[in-house]
Amino acid sequence: MSMNCIFGFSLFLLLLVALNVYFFYILSTEHKPAPFKLPIVKSDPIPPIIREINEYLNRLPSQYHNKNSKFLPSQRDLISSFNSSTASLDSVWQSVENWADEESLFPYKNGAAGHILQALRTSQIALADNAPKGTQLKLLFLLKGKQKVYFKPKRYNISDVIRGSIYAGYDRYNSEVFTYYLAMILNYKWVAPSVIRRIRFNKEILSHATAGLKKTMVKNDKGVCVYGKCYYCKVNETVCPDNNGDIEGAAILYLDKPFKVNKSPWRRSYNSLKMEWENDNDYCKKVSSLLSTKRILNLIDIAIIDFLIQNGDRHRYEVYKNKIILLDNGKGLGNPMLDELDILAPLYQCCILSTKTWQTLELVSGGSLTETIKLLASFQGEHLTTDDHYRAVERRLLKVYATVKYCIGKHGSAKVFKNIDGI
Ligand SMILES: Nc1ncnc2c1ncn2[C@@H]1O[C@H](COP(=O)(O)OP(=O)(O)OP(=O)(O)O)[C@@H](O)[C@H]1O
Ligand SMILES: [Mn+2]
């Protein structure tokens, strides 16, 4: 082979290698798939504060999972308040009317709580009228003896699960009653007594109905039904008697005294816009510049009760004798699978708690709440809710403990616990 041939062949080989390199380069660049862009999923990340509270929940000491024997004396007192024999109706309503006390909204000691519930449940209805205040259908009864009562009728079966927003659906009558017992057990005595009552529709309501109430009744295939008078009341959203001709609901003692109504600083927007408290974890500073520590501690006590029942609809609060009174507790017990932690925002944003409240919370651990609510309700023959809801309340109680532990971890007990008289 001549030198020319060898040179030519080498050139050819070189060209071949160069072409190969070029093709490999092309393959590895031009045909490389474009980087995969993740779709933008609109979901709220778990806020760090909630993640931290969950860590405390996982490390909660065993005492919070177990019963506390120190609760027994309080449980005994509750039993003697609620397990009482019949009293004369006149004396019950008189004690209610004359009640002027700085310790509780209504009498409860020595059987008084049981007497009031029984009177609420059994007193004859003298007059039935619409109660037009508010968004939900409810009636106002005047009982024999002149006692006024709110009646929130049953809209769901107790096993129905309410989905959607935290404030979705109609009021739950059993939530009103459940909250009364819960608050009393948690030593929150500024609550209106409430009991489940079955009423014969024709005999007890229709025959004592005002002309105004009769105007909000319609006859349909289920007989005479009520649609009532309220902001959301609609002719086609009626409450009808059941197959026995009864209507069931919560009979709630009416507080016929002047009280003040305030907007809650932690109220929701009821639309897709976020409220200031939802965006600003320093929001409590702002509230502290407007409200006293005592009022904030009071709002925190209410938030704990609301969290346990999952009432996310406390848009306003009523104040009587400088204390928040628990009225309108019908938006609890909606979904036992849900623990909307932001109902506890007043607690985890302010990180303060009344010492008394903490001491009571520590007493009711490990199932005592469930046990005591069931027991007290049994004195009126009530079956208030499903075991799923009871389990949910106990689970949420653990989250309340964890939130307090989170606050202690962040600020120390001395800053968290407050001793202020009169709450
Ligand atoms: N037990 C009670 N005694 C006296 N007033 C009460 C009682 N419960 C509620 N109220 C008052 O009656 C009004 C309506 O009651 P409630 O809040 O239970 O109704 P609602 O239909 O749930 O209203 P909203 O939809 O605004 O929450 C409120 O202004 C409240 O202050
Ligand atoms: Mn309401």
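Since every read-out is calculated from the coordinates, none of them should be taken as a lab result. For clarity, every value in this text was computed on a predicted model and none was experimentally measured. Reconstructed Cβ throughout: ideal geometry from the backbone, glycine too, with neighbour counts over all protein chains shown.
Relative contact order for the chain: what is it in percent, counting Cα pairs under 8 Å that are at least 6 residues apart? Across the chain, relative contact order equals 20 percent.
When the C-alpha to C-alpha distance is required to be over 28 Å, the pairs from LYS234/LYS323; LYS70/LYS263; LYS146/LYS263; LYS154/LYS215; LYS274/LYS399; LYS70/LYS399 that qualify are LYS234/LYS323; LYS70/LYS263; LYS146/LYS263. The average projected area of the chain, computed from the convex hull of its Cα atoms over all directions, is 33.5 nm². Remark: the GLU97-SER80 segment gains 3.9 nm on full extension, using 0.36 nm per residue and subtracting the alpha carbon distance.
Rounded to the nearest 20, the Cβ-based charge dipole of the chain about its Cα centre (Lys and Arg +1, Asp and Glu -1) stands at 720 debye. Rounded to two decimals, the Cα-based Rg/Rh of segment 328-423, with Kirkwood Rh, is 1.01.
Once Rh for segment 331-379 is found with the Kirkwood sum over Cα pairs, what is the Stokes-Einstein diffusion coefficient at 4 °C and 1.567 mPa s, in µm²/s? Present the calculation step by step, with values, prior to reporting the outcome.
Working: Rh = 13.3 Å.
After rounding, the answer is 97 µm²/s.
Cα centroid separation, segment 108-146 to segment 358-403: 25 Å. With neighbours defined as other Cβ atoms within 10 Å of a residue's Cβ, the residues HIS315, HIS383, HIS389 order from fewest to most as HIS383, HIS315, HIS389. If you run the Gaussian network model on the chain, springs between alpha carbon atoms under 10 Å, then out of LYS294, LYS133, LYS144 the most flexible one is LYS133. Cα convex hull, segment 67-157: 167 Å³ per residue, rounded to a whole number.
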